[in-house]
Structure formats: C-alpha cells, structure tokens
Amino acid sequence: MRIATWNVNSIRTRVGRVVDWMLREDIDVLAMQEIKCKPEQFPIEAFTEAGYEVELHGLSQWNGVAFASRLPMEDVTVGFDTQPGFGNPLDDGTIPIEARAIGVTVEGARLWSLYVPNGRELDNPHYPYKLEWLANLATQTTKWMHNNPEQPLALMGDFNIAPFDIDVWDIAAFEGKTHVSDAERAAFRAFETAGLIDALRSRGIEGYTYWDYQRLRFPRNEGLRIDFIMGSPQFDELVTAASIDREERKGDGPSDHVPVVVDLAIDTENEDDRPMFL
C-alpha cells in the first residue's frame, strides 16, 4: 500500500495536478492539507472518476484537511479530543475549532491528516495557540498508542516546524522567527518521546518539502523541511520505501509544498480494480 501526504495549497486550483500525480505514482491513500474549501466546493468528481473516495473537513477558504483513498476508509474522525480553538468567540461563547485534523483507518492502519497552525510570529497569539495545539495532539497520540498498542498509527501532514538546523536553507535567516524556535522544536520532539518515528529521516531520506513562491526560493533551493510522516513502531516496521517527490514543485501552478511518500508492506484486496490510465 502506498500512502502520501501533501499540502496542496488549494485543491480547487490544483485538482488536475493532484489527481494526475496520484494515478501516475500509484498512490492508494493521500492525506491533503490546506484544501481551502467547504465540502460542497471540493472537486470530488475528479477523484471519484479516478477511482478514489474522499473524506474531508473544510469550513472556509482557509485551512482544511482531507483524505483521498481507493481503499475503504473506516472510523472517520473530524478533529481530535482537546483540540484547541482560535479566534473570536462564537455566539455560544465557545472558541472556533479550525479544520486542521481528520483521521481514518485504512487496511487496519490509523492515519491522520494534520495541518498544524503556523504560529505566524513569536509575539502573535497564534504562536501559543500552535504550541497548545501540538501539546494536546501529543497527549492524544500517547493515549491512542496506549489504547491500541498493536495498531499501526501515522501522523501525516504539514507540521510547520523545521526540527533541525539542516531542515532550513539558512538557519541565520530564521533567527527570532517561528518554525525553528526552541519551544516548537521541543513540541516536535514530544511526538518522538511518545514513540513516533520519522519514516523518512530514519531511513536517511533528506531534502526540503517546502519552498516559498517569493524570491526565487525554489530555483535557489532555499527551502524548509516541514512535512512529515511520523509513525508508531508498528507502522514503521511496515515501511519498505520512502521518498520526497521534489519534482512536483516544478512545472505550471505547483503547490509550494511537495508530496512525502511511504510504501507499506500491506497487501490490498482490490489491486485488480485500480483504474487504468496511460
């Protein structure tokens, strides 16, 4: 089974590119972030015609997460327990919960598509919100692993953290900025403390996953590594291959992120039913 995560930066803008890539690369399950649309706006027909079902969580033109899978998705969960909110209170006094997390189970593996808050600036209210969001997710991850110790679990998505200096093109350029602060990196390490393993780095796969559209960042390879597939030991032992598809940052109308891909030693039952394409 081949799974991937990709911050698509607006699925309505890039649906053709995303579906073409999924077919070309033989992707079984894709976790998407920043779909930037409500459910009724999602271009679902392009996915269903290609043989994929979709589960999504989108509330507005911002954020939004989804899964596209040609294998059955079960136990669909929108958001996670204790997920904090952000923004102005609603009429009932509660703080809005953003569309940043969705979980599904595919072939026995529990997968989460996650879009971690950006943090914006160190003195912005979005920064403590980001740290709380990560801390609460780490706590939930520990509970999930405790309650289902044999189930393969993977947190997939845009973590908006560069855990090491080598994950940024020039660490000096990020002094005093988010994504590299000690608190954010400690929040990332909490997932490793919980037992999760970076499916790519643990196999020696290096490279950036994000390049800003401005200042010729991609041609100069001035990027960041902020997209990850973090798996439990039960998930990691199934991994047979992993890669970052840097080529998807090229061409017309790319996302500013590229896909992160993992192959799992899970046999699927419907391989003969996969759509044919040239």
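Can you put Thr105, Thr77 in order of accessible area, largest first, using a 1.4 Å probe? If you can, show how the numbers build up before the last one.
Working: Thr105 10, Thr77 50 Å².
Greatest to least solvent exposure: Thr77, Thr105.
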Legend entry - For the stretch 148-278, with +1 on Lys and Arg beta carbons and -1 on Asp and Glu, the positive-most of Gly223, Val261, Ala242 along the dipole: Gly223
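Please identify the longest segment of the chain free of exposed GluC sites (Glu not before Pro), where exposed means a DSSP state other than H, G, I, E or B and no more than 11 other Cβ atoms within 10 Å. Present the calculation step by step, with values, prior to reporting the outcome.
Numbers: sites that count: Glu150, Glu175, Glu206, Glu269.
Excluding the exposed sites themselves, the longest stretch runs over 1-149.
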Inset, instruction - Among Leu122, Ile44, Val104, flag the residue with its Cα farthest along the positive direction of the charge dipole of the chain, charges on Cβ as +1 for Lys/Arg and -1 for Asp/Glu. - result: Leu122
Legend entry - Among beta bridges that DSSP assigns inside the chain, antiparallel share in %, nearest 5: 80
Inset, instruction - Report the residue, chosen from Phe80, Phe235, Phe159, that carries the largest GNM mean-square fluctuation when the chain is represented by alpha-carbon nodes joined by springs under 10 Å. - result: Phe80
Inset, instruction - Apply the Karplus parameterisation 6.51 cos²θ - 1.76 cosθ + 1.60, with θ equal to phi minus 60°, to every residue of the stretch 186-192 and state each ³J(HN,Hα) to the nearest whole Hz, in sequence, with x for glycine and proline. - result: 5, 5, 5, 4, 4, 5, 5
Inset, instruction - Would you be so kind as to identify which of Gln214, Val29, Val15 lies farthest towards the positive end of the dipole of the chain, taking Lys and Arg as +1 and Asp and Glu as -1 on Cβ and the Cα centre as origin? - result: Gln214
Inset, instruction - Could you please state how large a percent of the accessible area of the chain is carbon and sulfur, counting protein chains only and using a 1.4 Å probe? - result: 48
Inset, instruction - Work out which trypsin sites (Lys or Arg not before Pro) in the chain are exposed loop sites (DSSP not H, G, I, E or B, at most 12 other Cβ within 10 Å) and give the longest gap free of them. - result: 1-214
Inset, instruction - List, in order, the whole-Hz ³J(HN,Hα) value for each residue of the stretch 8-19 obtained from phi through the Karplus relation with A = 6.51, B = -1.76, C = 1.60 and θ = phi - 60°; use x for Gly and Pro. - result: 8, 6, 5, 5, 5, 6, 10, 4, x, 5, 5, 5
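In units of 2.2 N^0.38 Å, what is the alpha-carbon radius of gyration of the stretch 112-218? Walk me through the numbers on the way to the answer.
Numbers: Rg = 14.7 Å, N = 107, 2.2 N^0.38 = 13.0 Å.
Here the Cα radius of gyration is 1.13 times the empirical estimate.
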Inset, instruction - Could you tell me which label, among (1) 1.03; (2) 0.94; (3) 0.97, carries the value of Rg/Rh (Cα atoms, Kirkwood Rh) calculated for this structure? - result: (2)
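Compute the relative contact order of the chain as a whole-number percentage, counting only Cα pairs closer than 8 Å that sit 6 or more residues apart in sequence. Intermediate results must be reported in sequence, preceding the final value.
Details: 611 pairs, mean separation 53.0, N = 278.
Result for the chain is 19 percent.
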Inset, instruction - Might you work out the accessible area of Ile226 for me, using a 1.4 Å probe with all protein chains in place, and round it to the nearest 10 Å²? - result: 0
Inset, instruction - Evaluate the charge dipole of the stretch 119-278 about its Cα centre and quote only its size in Debye, nearest 20, assuming +1 on the Cβ of each Lys and Arg and -1 on the Cβ of each Asp and Glu. - result: 540
Legend entry - From phi via Karplus (6.51, -1.76, 1.60), per-residue ³J(HN,Hα) for the stretch 252-258 in Hz, x at Gly/Pro: 8, x, x, 5, 7, 10, 10
Inset, instruction - Treat each spin label as a single point 7 Å out from the Cα along the C-beta direction, and report the Thr193 to Asp165 distance in nm. - result: 2.3
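Solvent-accessible area per residue for the stretch 1-116 at a 1.4 Å probe radius, Å²? Kindly include the intermediate steps, with their values, before the conclusion.
Values: 4560 Å² over 116 residues.
Per-residue value: 39 Å².
The values are calculated or read from the model by the stated rules, or taken from the named source; none is laboratory data. Please read these numbers as outputs of a predicted model, since none were measured by experiment. Heads up, the Cβs are rebuilt from the backbone with ideal geometry, glycines too, and the neighbour counts pull from every protein chain shown. To get the accessible areas, we keep the full protein, side chains included, count just its heavy atoms, and leave off ligands, DNA and RNA. Shrake-Rupley method; radii C 1.70, N 1.55, O 1.52, S 1.80 Å.
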